[in-house]
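Taking it in order: structure first as structure tokens, then the write-up.
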Amino acid sequence: MHTSRGERELAAVAEVFGVGGPTGRPARELEAELTGRYGAADALLVSDGAGALRLALLGLGVEPGDEVIVADYGLPAPAHAVRHAGAVPILADVRADTGTIDPWAVADLIGPRTVGVIAVDTVGLPADYTELRWITDHHGLFLVEDATFAAGASYKGRRAGALAPVACLSPHGHQGAVRGEGAALLTRNPDVGAAARTRLSGALTGAADEAGLPTPGSGDLTGDCRPSDVAAAILRVQLARTDELLRRRRAVAARYAALLAGEELLSLPHVPQNRCHAWQSYVVTLDPGVDRATVAAALRARGIGCGHGAWASHLLPAFGASQHACPVSADLFRRNLALPMHAELTTRQIDQVADALRTVLRANGPAHTVRAAEARTAFPGVDASLTFPGNPAGAAHGINIS
């Protein structure tokens, strides 16, 4: 996974080691910055995104037997978090144009045991929070935003991470803003924050023994889920770089769109006018007559990585017993292809990927096809010729399809 780190991150790490031992100060300072940046009442740093999701559910009081509706398309982490809390994940289908959770599919799945909804900002694109907030408020349900891959994205002018009363941000090696290992739980409800902190503390420290020393507790999160000072220091530096990295990734996406516009065997990503994409991935949708495995193998043979983009959770073995069909999610899982995307891609590398993809599609596509959707460019005002520093001889980076 390609990361964007430099002298500022190294200096922050050196400062941590110069202190002489762990202090927890970088985490506390970052939590304070996050509350201000995202308008939260509380921010709690943990070691990873899955832990943040689990902590959010526990802080919200989710109990065994409850049902939580989650987006089917994306990563299975939200559904696993629901199971970790002892509840039942109910998988909801997504919109065909954006791949984000379909609010009306959510409405159809609400039942007597439903307590909340986890919306996912799929590969960096925020979901439809106006509709989701209306539905959840109308039914008295909680709403959690999984902004795992959406650092820098926005919806109607508001930052991803501040689009629901509770949100989770998780740095990742293939994310819009690579901020080291660690994650954050953000909440506008101080009671949820306090409950989450209690849950986390209970897993770390139990009642005192006869000597007055703390003993391991039986909390809901086992082990030390707090990030190290080093991770928190890197997180803090790169929080300030979110907008910088997003500008560079937007330019990469704009150049892909310019180069691939008009290709009959694929559709470009659709970004609604009211939101800004973080471009964690650049995902195209192949024509139904194109065999994705063949295309992926041909790209890899040229030294170009590629990936699924996201997964349809109901098709994974862990959720094979799902009683709710998600045909749109299944179709996207079959036809989506993620191209190399990170802030350090050079113009030469982007051109190499686009040229290879066009060549492979023409060699392996059907003789006649009908476009599934018109190609759309959603990047007005972005200079598609913008270049970035980097290694022009380096191979384009991606994740191979297995």
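The values are calculated or read from the model by the stated rules, or taken from the named source; none is laboratory data. Keep in mind that what you see is a predicted model, and the values were worked out from it rather than measured. Glycine also receives a Cβ, built like all others from the backbone with ideal geometry; neighbour counts cover every protein chain displayed. Side chains included, ligands, DNA and RNA excluded: accessible areas come from the protein's heavy atoms. Shrake-Rupley method; radii C 1.70, N 1.55, O 1.52, S 1.80 Å.
Data table
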read-out	value
Conditions (1) surrounded by fewer than 18 Cβ atoms within 10 Å (Cβ to Cβ); (2) at pLDDT 65 or above; (3) at positive phi: number failed by Gly21	(2)
Of all residues in the range 77-101 being surrounded by fewer than 24 Cβ atoms within 10 Å (Cβ to Cβ) and touching an Asp or Glu at 6+ places or on another chain (Cβ under 7 Å), the one that is nearest to His138 (Cα to Cα)	Ile90
Some residue of the range 152-160 being open to solvent by 10 Å² or more (accessible area, probe 1.4 Å) and at pLDDT below 90	yes
First in the range 341-357 and modelled with pLDDT under 95, second anywhere and buried (at least 24 other Cβ atoms within 10 Å of the Cβ), Cβ under 7 Å, 6 or more apart	Met341/Arg249; Met341/Val252; Met341/Trp279; Met341/Ser281; Met341/Tyr282; Ala343/Arg249; Leu345/Val252
Filter pass, Thr114 being open to solvent by less than 20 Å² (accessible area, probe 1.4 Å) and in contact with a Phe, Trp or Tyr (Cβ under 8 Å, 6 or more places away or on another chain)	no
Complete set of residues in the range 53-76 that are under 11 Å from Asp146 (Cα atoms) and surrounded by 23 or more Cβ atoms within 10 Å (Cβ to Cβ)	Leu53, Ala56, Val70, Ala71, Gly74
Check on Ala50, open to solvent by 10 Å² or more (accessible area, probe 1.4 Å), in contact with a helix residue (DSSP H, G or I) (Cβ under 8 Å, 6 or more places away or on another chain), within 20 Å of Gly193 (Cα to Cα) and not in a loop (DSSP other than H, G, I, E, B)	yes
Every pair of residues 6+ apart whose Cβ atoms lie under 9 Å, when the first sits in the range 183-202 and is in a strand (DSSP E or B) while the second is of a type in the set (S, T, N, Q) and buried (at least 21 other Cβ atoms within 10 Å of the Cβ)	Ala183/Thr148; Ala183/Ser170; Ala184/Ser170
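Okay, residues lined up against (1) open to solvent by less than 40 Å² (accessible area, probe 1.4 Å); (2) among the acidic types (Asp, Glu); (3) at pLDDT below 95; (4) more than 25 Å from the chain's Cα centre (by Cα):
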position: Glu263; (1), (2), (3), (4): yes, yes, yes, yes
position: Leu266; (1), (2), (3), (4): yes, no, no, no
position: Pro272; (1), (2), (3), (4): yes, no, no, no
position: Ser281; (1), (2), (3), (4): yes, no, yes, no
position: Ala298; (1), (2), (3), (4): yes, no, no, yes
position: Gly307; (1), (2), (3), (4): yes, no, yes, no
position: His324; (1), (2), (3), (4): no, no, yes, no
position: Ser329; (1), (2), (3), (4): yes, no, no, no
